[in-house]
Amino acid sequence: MSLKMAEKRKLPMIQSRPDDAAPERPRSHWIGFGLVAIFTLWVPLAALAEIIKRHAIASYLGDRSGEGQIELAVASLSDRDHLRLTAVIVIVPMIALALASFGGGYLVGRYGGDAGVREGALAGAAAALVAVVLAWIGSGIAWAPLLSIAIAAPFGALGARVGLRARRA
């Protein structure tokens, strides 16, 4: 009993030529890509910001339990320390959003084809608007998170501008 191997069959190959390049994506797609990139960056940065905030609160107020003790500890802070603690609580999350928006805008500017600064800013504004809606659904307070739009849009535009420069270089 002899086993014969079948002759190898050659399959036709599809050769891609340089002139068969895929068409550019529309600019609006890059707004969505930027939004996803911003959230992808923002989640770990926000977690890091929260760790920094908790550490700052613990260092200013100590280990307190109960709302009454916390209010008493805050009231006993000097005006300068109260201002510093408030600045850490407010500014650190804003920095996380600004860095994430810059990164998402950079992605849009660097790899976005025809997309540019406008699409980077719109990606930042869209990400902040989604965050505002989520904050409103969770807490019912929507006016305070609206500040995030004023941060995310300009930093998204700045990131896109830097990304465009990197693409042209």
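Taken over the stretch 36-87, the residue count meeting the criterion of being surrounded by 13 or more Cβ atoms within 10 Å (Cβ to Cβ), among the charged types (D, E, K, R) and within 31 Å of the chain's Cα centre (by Cα) is 4.
Of all residues in the stretch 39-60, none are modelled with pLDDT under 75 and not in a loop (DSSP other than H, G, I, E, B).
Listed conditions (1) outside any helix (DSSP H, G or I); (2) surrounded by fewer than 22 Cβ atoms within 10 Å (Cβ to Cβ) are all met by A115, apart from (2).
To keep it simple, each residue is scored yes or no on (1) open to solvent by 90 Å² or more (accessible area, probe 1.4 Å); (2) at pLDDT 80 or above; (3) assigned to a helix (DSSP H, G or I).
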| site | (1), (2), (3) |
| --- | --- |
| A131 | no, yes, yes |
| L134 | yes, yes, yes |
| G138 | no, no, yes |
| I149 | no, yes, yes |
| A152 | no, yes, yes |
| F155 | no, yes, yes |
| G159 | no, yes, yes |
| V162 | no, yes, yes |
| A166 | no, yes, yes |
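The values are calculated or read from the model by the stated rules, or taken from the named source; none is laboratory data. Only a predicted model underlies this, so the values are computations on that prediction, with no experimental measurement involved. Quick reminder, even Gly has a Cβ in these numbers, built from the backbone with ideal geometry, and neighbours come from all protein chains shown. Accessible surface areas use protein heavy atoms only, side chains included; no ligands, DNA or RNA. Shrake-Rupley method; radii C 1.70, N 1.55, O 1.52, S 1.80 Å.
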